[in-house]
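Derivation of every value follows stated rules applied to the coordinates shown; laboratory data play no part. Source: prediction; values computed, not measured. Cβ coordinates were reconstructed from backbone atoms using ideal geometry, including for glycine residues, and neighbour counts include every protein chain displayed.
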Amino acid sequence: MEKFNTHTGLVVPLDIANVDTDQIIPKQFLQKTERVGFGVHLFHERRYLDHEGTQVNPNFVMNKPEYKGASILLTRENFGCGSSREHAPWAIEEYGFKVIISPSFADIFYGNCINIGILPIKLTEEEVEQLFKLSAEAPLTINVDLPKNTVTCGDLTFTFSLSEFQQYSLENGVDSVGWTLNKLDAIKAFEAKMPAWQ
Amino acid sequence: MTTSTPQTMYEKLWQTHLVEDTEGETPLLYVDRHLIHEVTSPQAFANLRFHNRPVRHPERTIATMDHNISTRSIKIDAAGEGAANQLRALEKNCKAFGIELFGMGHKNQGIAHVMGPELGLTLPGTIIVCGDSHTATHGAFGALAFGIGTSEVEHVFATQTLRQNKAKTMKIQVNGHVGAGISAKDIILAIIGKTGSAGATGYVVEYCGEAIEALSMEERMTVCNMSIEFGAKAGLVAPDQTTFDYVKGKEYAPKGEVFEQAVIDWTNLRSDADAVFDTVITLEAKDIKAQVTWGTNPGQVVSVDGNVPSPEDFNDPMEKESCKQALVYMDLKAGTKMTDIQVNKVFIGSCTNSRIEDLRAAAGIVERYAGQKVVDAVDAIIVPGSYRVKEQAEKEGLDKIFMDAGFEWRLPGCSMCLGMNDDVLESGDRCASTSNRNFEGRQGRGSRTHLVSPEMAAAAAITGHFVDLNA
């Protein structure tokens, strides 16, 4: 996993609440056995006018020329609800997003983001609203500093938090499986004490 | 004499699975049972190979084929090339890593969350995970069960553990008893209607009260299955005699003295009487009526004797906007009586409602409309949750009741719940579905889903619209 330190990027304002993972990556694109090829189908039903994905929907925010090259997704509450498919953050990452800012995330989606190195930032509803307002005036570039836990946009600075280990894992690009495999003694000790039925 | 702090069932499950809680690290929990399927496992296996890591306890993982299999044929390539590739990859991976697989047409094959319980793979007091958000189903047994992403599937393969931050606890108490004809699906939809579709984000929910205790295991599974639909990490029901009677004698369940000891341990799992929950929600069972969703998330639900709401009915600006958008997508007018909504598709199946009791309930309604058939305007399919369910239903003659009435009787699988195979709706189709999600496009681009109980789905198939069966 790549290390995450600071990131400066263009913000896409996706002004929709309760975006579920079916919308992020529809089921017809889940039939791959590889980890790549999902970015082109991100938000497929909104992004394209036809089922085959040949006609780009010019009204969908991500398709507007001013948001080309955006790497920060700004969105509303309960982002990533529904299915546990990690294909959703894979698609978001492959499209080029490094950071997602929202007032709240669904639990499984939030964990999946951290596990692949995307930074999900929870700000308050008021802060998110402020960013939406600024973004409506002109395309917005913001700076995210993970070690300092800050989001900076001009004179505005917001702070966010992650759990200690999630922060450490993102900053250091920790291989979580390798990390836990160093704890095999503790796992074996636990197994030795388990009741017979377990 | 020692006094200990009263604990909730979740806290007990947490404590009995805590491998390590090191300062500065996310706590490490032991995973007893891992269920896998073809869609969310291939990349996890690929990473194991890349790092040359084995599956630590292959005997604790069980694989099934469910998400994108055909419901018309047991041939592995019957649902297209993409599906066949994934199914073959699962076969190859299970063989290479020593994992038991219930493949196409195997007597134990079924939807993971139907198969696990019916084989006794699901036990109280365990942690069960699967790369599928409806893993919460197994919480009906008093197991801590939740959906995980593919990176976590890999973590479980390699270590038999997972890192989890502790969730908050919510108690949902349903007092008294539901009226005649009210199903477990109505109970859970009513709960989600009350909390909203993100009402339990960050929580593990425990369902309790007389109405929950009175439910059969299959009904409890229906309730816990939809915990994720209001954001909960997991749903739990305290194990009791109903649970023990269900588990006893199942193929993979402990036997003899080991089972007796297990029952003692499982009995101690229930939340202590004075345990404190972060949030408590109470419902009166007698107030719960048959439910039908009208919108595009499971919280957008009303009683069947109600009307489609208007954006003006909501105070919260986000809910107002959400209602507005949902009415457009669903092509519904505010104020329309729910019983006036016509459907052209009916799907009875999914990990929420495809067990034998669900099929019996649906067949019971078909029989109530003696001699009447599925209306011409409707295509109705019944997809049992597993081969065992299918076999039992056929033994009882339910397949005949359905087919005589014009329903299609299909092979087991996830089917139209998510439409990864060819069981998809066309744009504009309106479906009475016993599944768990009414998201935009869930059952097919432009399709419209109304979540209902098996009884309501059967009545909609015969009449072409929703019916207040208690009227």
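From zero outward in steps of 5 Å, how is the percent of C-alpha pairs of the stretch B:1-121 spread across the bins?
Calculated over all Cα pairs of the stretch B:1-121, the distribution is 2, 10, 16, 17, 16, 13, 9, 6, 5, 3, 1, 1, 0, 0 percent.
Along its three principal axes, how long is the stretch B:201-359 when you only count alpha carbons? Whole Å, largest extent first please.
Sorted from largest, the Cα extents of the stretch B:201-359 read 61, 38, 27 Å.
Roughly how many debye, to the nearest 20, is the charge dipole of the stretch B:337-471 about its Cα centre, given +1 on each Lys and Arg Cβ, -1 on each Asp and Glu Cβ, and no other charges?
Dipole of the stretch B:337-471, to the nearest 20 debye: 260 debye.
Taking the Kirkwood radius as the inverse of the mean 1/r across Cα pairs, report the Rg/Rh of chain B.
For chain B, the value is 0.96.
Need the list of aspartates and glutamates near B:Lys95 for cross-linking: C-alpha distance under 20 angstrom, and skip anything on the same chain fewer than eight residues off.
Within reach: A:Glu34, B:Glu38, B:Glu59, B:Asp66, B:Asp77, B:Glu154.
Considering all projection directions equally, how large on average is the shadow of the alpha-carbon convex hull of the stretch B:156-285, in square nanometres?
9.6
Return the Rg/Rh ratio of the stretch B:327-446 with Cα-based radii and a Kirkwood Rh.
Using only Cα positions, Rg/Rh for the stretch B:327-446 is 0.98.
Which GluC sites (Glu not before Pro) in the stretch B:370-471 pass both tests, a DSSP loop state and at most 12 other beta-carbon atoms within 10 Å?
Passing sites in the stretch B:370-471 are B:Glu426.
Quick check on chain A: helices-only [θ] at 222 nm, where DSSP H runs of length 4 and up contribute -39,500 (n - 2.57) each and the sum goes over total residues. Nearest 500, please.
-8500 deg cm²/dmol
List the longest stretch of chain A that has no exposed loop site; here a site is one of the trypsin sites (Lys or Arg not before Pro) assigned by DSSP to anything other than H, G, I, E or B, with at most 13 other Cβ within 10 Å.
In chain A, the maximal stretch lacking such sites is A:69-147.
Taking every DSSP beta bridge that has both residues in the protein assembly as shown, what percent is antiparallel when rounded to the nearest 5?
30
Pairs A:Lys68/B:Lys194; A:Lys183/B:Lys92; A:Lys188/B:Lys166; B:Lys168/B:Lys337; B:Lys286/B:Lys333; B:Lys107/B:Lys248: which exceed 31 Å Cα-Cα?
Flagged as over cut-off: A:Lys68/B:Lys194; B:Lys168/B:Lys337.
Would you pull out the residues with amide H under 5 Å of A:Thr8's amide H, same chain only if 5 or more places away, H placed 1.01 Å from N?
The list, which skips near neighbours in sequence, is A:Val144.
Counting only DSSP beta bridges with both residues in chain B, what percent are antiparallel, rounded to the nearest 5?
20
Do me a favour and compute the ellipsoid semi-axes for the protein assembly as shown from its Cα gyration tensor, root of five times each eigenvalue, largest one first, whole Å.
35, 32, 25
Given a cut-off of under 8 Å on Cα pairs at least six residues apart, what relative contact order in percent is computed for chain B?
Worked out over chain B, it gives 17 percent.
Taking R0 as 35 Å, what's the FRET efficiency between B:Ser310 and B:Ala180 from their Cβ-Cβ distance, rounded to 0.05?
0.65
In peptide B:338-344, what is the residue-averaged number of other protein chain Cβ atoms found within 10 Å of each Cβ?
0
FRET efficiency for B:Lys75 and B:Glu408, Cβ-Cβ distance as r, R0 = 25 Å, nearest 0.05?
According to the calculation, E is roughly 0.85.
Through the Karplus equation 6.51 cos²θ - 1.76 cosθ + 1.60, θ set to phi - 60°, convert the phi angles of the stretch A:124-140 into ³J(HN,Hα) values in whole Hz; use x for Gly and Pro.
Along the stretch A:124-140, the couplings run 6, 4, 5, 5, 5, 4, 4, 5, 4, 5, 4, 5, 6, 6, 7, x, 10 Hz.
What is the dipole size for the stretch B:102-194, taken about its Cα centre, with +1 at each Lys and Arg Cβ and -1 at each Asp and Glu Cβ, in debye to the nearest 20?
For the stretch B:102-194, the charge dipole is close to 340 debye.
Within chain A, what's the longest run with no GluC sites (Glu not before Pro) in a DSSP loop and at most 14 other beta-carbon atoms within 10 Å? Give the range, please.
The answer is A:53-198.
Distance between the C-alpha centers of the stretch B:283-339 and the stretch B:182-253? Whole Å please.
Answer, in whole Å: 23.
Along its three principal axes, how long is the stretch A:1-141 when you only count alpha carbons? Whole Å, largest extent first please.
For the stretch A:1-141, the Cα spread along each principal axis is 39, 33, 26 Å.
For peptide A:31-40, compute the average count of partner chain beta-carbon atoms within 10 Å of each residue's beta-carbon.
Average neighbour count from other chains, rounded to a whole number: 5.
Mind checking which of A:Cys113, A:Asn143, A:Ile72 is farthest towards the positive end of chain A's charge dipole, using Cβ charges of +1 (Lys, Arg) and -1 (Asp, Glu) about the Cα centre?
Farthest towards the positive pole: A:Cys113.
What FRET efficiency do you get for B:Glu394 and A:Asp185 if R0 is 56 Å and r is their Cβ-Cβ distance, rounded to the nearest 0.05?
Using R0 = 56 Å, I get an efficiency of 0.60.
In square nanometres, what is the average projected area of the Cα convex hull of the stretch B:58-215?
The orientation-averaged projected area of the Cα hull of the stretch B:58-215 comes to 11.4 nm².
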